[in-house]
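For reference, the structure discussed in these notes is given below.
The values are calculated or read from the model by the stated rules, or taken from the named source; none is laboratory data. These numbers come from a predicted model, not from an experiment. Cβ: placed from backbone, ideal geometry, glycine included. Neighbour counts: every protein chain shown.
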Amino acid sequence: MCRMLVKIILCAVNLIFAIIGLGLIGVGIAFFYYMDQIPKEISVIINLDYVPYEAIAVGIFVFLIASSGFFGAIAEQTCPLITYSVFMGFFAATKMAIIILLVIKLPDFTNEVKAEVNNTFVEPAHNMTFHVIEILLQCCGTTGPDSYENDYNLVPVSCCKDPQEQTELFCSKEDAFEKGCTTMIAEYFNTYVTYFGYGLIGMMVWELLSTSSSIYILTTARSKFFS
């Protein structure tokens with residue numbers, strides 16, 4: 001009963017992934033036909049030339065691996081199950097390495113993000129970019145309103161809590177956002193990296209379970225055959 005349940009779950013999940021792989025192939029093919037209809041503004045910001053090829057390549061890869069697990073579990077064939085197990089084990093090991101790297105290097109990555117934000121604030125050519133960040137994240141300067149040093153106790157309008165009500169390009173520091181953008185961006189970065197890590201852990205657990213399930217089906221099939 002347990003063996004049959006493992007087979008059904010493995011087949012069902014890999015059937016879903018095989019369909020997803022076919023869907024990615026379809027998306028890649030559709031890109032070829034509708035590439036001319038994509039607005040030029042998007043094409044300038046994001047290079048879409050290789051997207052169809054990447055979608056098709058990933059779709060074929062996902063479909064082949066999922067098919068190995070699906071047909072291997074149904075027919076209990078050695079070659080497809082071993083192929084599936086090797087790839088799932090490799091994916092799990094890769095994600096484990098990435099998770100360890102994130103845990104070790106997260107403080108360094110955060111410091112690099114902070115340094116980049118500080119450079120953007122100091123560099124005159126990036127002033128407009130930094131002001132956009134202030135508006136989007138509702139922050140002011142790098143460490144707060146005091147980042148703007150002047151004799152008039154003023155900050156740019158992008159720092160103001162109610163910019164619509166401002167008739168000038170500046171407002172007082174008392175009316176500005178209290179948090180600095182360096183802190184805000186670092187917090188966002190840490191949050192999203194943490195969620196990304198949780199996602200990797202979930203995928204790794206599934207891949208380890210898939211590997212264990214395929215090996216279980218393979219070994220029980222052999223023992224059943226030799227008995």
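All told, Ile8 meets the bar of being modelled with pLDDT of 70 or more, assigned to a helix (DSSP H, G or I) and out of contact with any Gly (no Cβ under 8 Å at 6 or more places or on another chain). A residue that is under 18 Å from Val193 (Cα atoms), in contact with a Phe, Trp or Tyr (Cβ under 8 Å, 6 or more places away or on another chain), touching a residue at least 24 places away in the same chain (Cβ under 8 Å) and of a type outside the set (Phe, Trp, Tyr) can be found somewhere in segment 94-106.
Say we look at segment 89-130 and pick out the residues that are acidic (Asp, Glu) and assigned to a helix (DSSP H, G or I); which of these is farthest from Pro156 (Cα to Cα)? Give the steps one after another, and end with the answer.
At the first step, the residues of segment 89-130 found to be acidic (Asp, Glu) are 108, 112, 116, 123.
Those left that are additionally assigned to a helix (DSSP H, G or I): 108, 112, 116.
Working: Asp108: 31, Glu112: 26, Glu116: 20 Å.
The selected residue is Asp108.
Checked against the criterion of being of a type in the set (Gly, Ala, Ser), surrounded by fewer than 15 Cβ atoms within 10 Å (Cβ to Cβ) and within 30 Å of Cys171 (Cβ to Cβ), the candidates Ala115, Ala93 yield just one match: Ala115.
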